[in-house]
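The values are calculated or read from the model by the stated rules, or taken from the named source; none is laboratory data. Please read all numbers here as calculations on a predicted model, not as lab measurements. Backbone-built Cβ (ideal geometry, glycine too); neighbour counts: all protein chains shown.
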Amino acid sequence: MMLGLEAINVVFGELQVLWDISFEVSQGEIVALVGANAAGKTTILKTIAGLVRPTQGRVVFEGKDLGNIRSHDIVAEGLCLIPEGRRLFPEMTVRENLELGAYGSRVWKDRAAALAHMYEIFPILQEREKQLARTLSGGEQQMVALGRGLMSRPRLCMLDEPSLGLSPINVRELFRAVKELRSGGTTVLLVEQNVLQTLTIADRAYVLENGRIVLEGSGKELLGNRHVKEAYLGA
């Protein structure tokens with residue numbers, strides 16, 4: 001087990017949004033979290049990243065309890081979150097945005113090699129490296145967001161709705177990149193609105209409804225599940 005959540009509860013004010021969330025991610029897997037809007041998927045990712053603190057339960061990454069570790073130190077441990085909406089610095093160049101992903105002391109000294117690797121994965125970004133981020137297309141901005149996260153050289157990468165707002169061509173390119181991540185040795189925890197493509201590439205998946213896990217299984221098993229077909233695949 002690389003990542004484990006143990007009976008996580010999260011309460012905002014008087015509203016409880018996560019209820020006894022427990023699951024595991026093993027090294028080398030693509031694991032998906034599937035559910036409707038407001039099911040709690042993003043809150044789970046933020047809890048793992050240390051941006052939200054659980055009311056009960058704990059998050060364990062490679063044997064270490066992350067409960068009292070600050071978010072930037074969690075990144076240094078080898079875990080990154082690529083947030084929904086890309087969250088780039090619009091008045092900075094592509095290269096500057098990418099280099100910000102390597103701010104940690106563990107990777108800063110090797111940022112040139114990491115940058116060259118990002119340009120191998122996303123060649124268009126090398127062509128655009130001097131452009132301001134705000135001038136890029138949505139697909140190109142998503143490539144920068146993904147590349148910035150990977151500049152930290154994570155062992156586990158969490159992606160929150162990476163295909164949101166992308167064209168079909170860019171969506172296909174995105175899922176190709178996710179599979180290449182795993183092939184390169186990076187474990188992936190994926191939250192994604194495109195349920196069909198997500199379950200097609202996922203080794204395992206968990207279905208969330210109203211802050212609770214209601215189903216789990218392999219991607220193939222859930223693709224054939226009647227409830228998943230009716231609720232998320234339009235069948």
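Some points to look at:
- Residue tally, condition outside any loop (DSSP other than H, G, I, E, B) and under 15 Å from the mean Cα position of the chain (by Cα), over the range 72-83: 6
- Leu164 meets all of the listed conditions (1) of a type in the set (A, V, I, L, M, F, W, C); (2) surrounded by fewer than 19 Cβ atoms within 10 Å (Cβ to Cβ); (3) within 16 Å of the chain's Cα centre (by Cα); (4) not in a loop (DSSP other than H, G, I, E, B) but one, namely (4).
- Number of the exception - Arg86 against (1) assigned to a loop (DSSP other than H, G, I, E, B); (2) farther than 28 Å from Arg212 by Cα: (2)
- Residue check for Asn210: surrounded by fewer than 22 Cβ atoms within 10 Å (Cβ to Cβ), touching a Phe, Trp or Tyr at 6+ places or on another chain (Cβ under 9 Å), touching a residue at least 40 places away in the same chain (Cβ under 8 Å) and not charged (D, E, K, R): yes
- Among all positions in the range 85-93, there is at least one residue which is modelled with pLDDT of 95 or more and crowded, with 17+ Cβ neighbours inside 10 Å.
- Of all residues in the range 4-34, those satisfying the criterion of being small (Gly, Ala, Ser) and either in contact with a strand residue (DSSP E or B) (Cβ under 7 Å, 6 or more places away or on another chain) or farther than 11 Å from Arg204 by Cα (or both) are Gly4, Ala7, Gly13, Ser22, Gly28, Ala32.
- Hits in the range 191-206 (condition: out of contact with any Gly (no Cβ under 6 Å at 6 or more places or on another chain) and either of a type in the set (Val, Ile, Thr) or surrounded by 14 or more Cβ atoms within 10 Å (Cβ to Cβ) (or both)): Val191, Glu192, Gln193, Asn194, Val195, Gln197, Thr198, Thr200, Ile201, Asp203, Arg204, Tyr206
- Listed conditions (1) within 15 Å of the chain's Cα centre (by Cα); (2) crowded, with 18+ Cβ neighbours inside 10 Å are all met by Ala102, apart from (1).
- Answer residue from the range 1-37, given it is closer than 22 Å to Pro162 by Cα, among the small types (Gly, Ala, Ser) and outside any strand (DSSP E or B) and is modelled with the lowest pLDDT among those: Ala36
- Residue list for the range 51-66, filter: part of a strand (DSSP E or B) and charged (D, E, K, R): Arg58, Lys64, Asp65
- Helices (runs of 4 or more DSSP H) fully within the range 167-235 counting 2 or more residues that are assigned by TED's automatic domain parsing to the domain that holds Met2 and among the acidic types (Asp, Glu): 168-183
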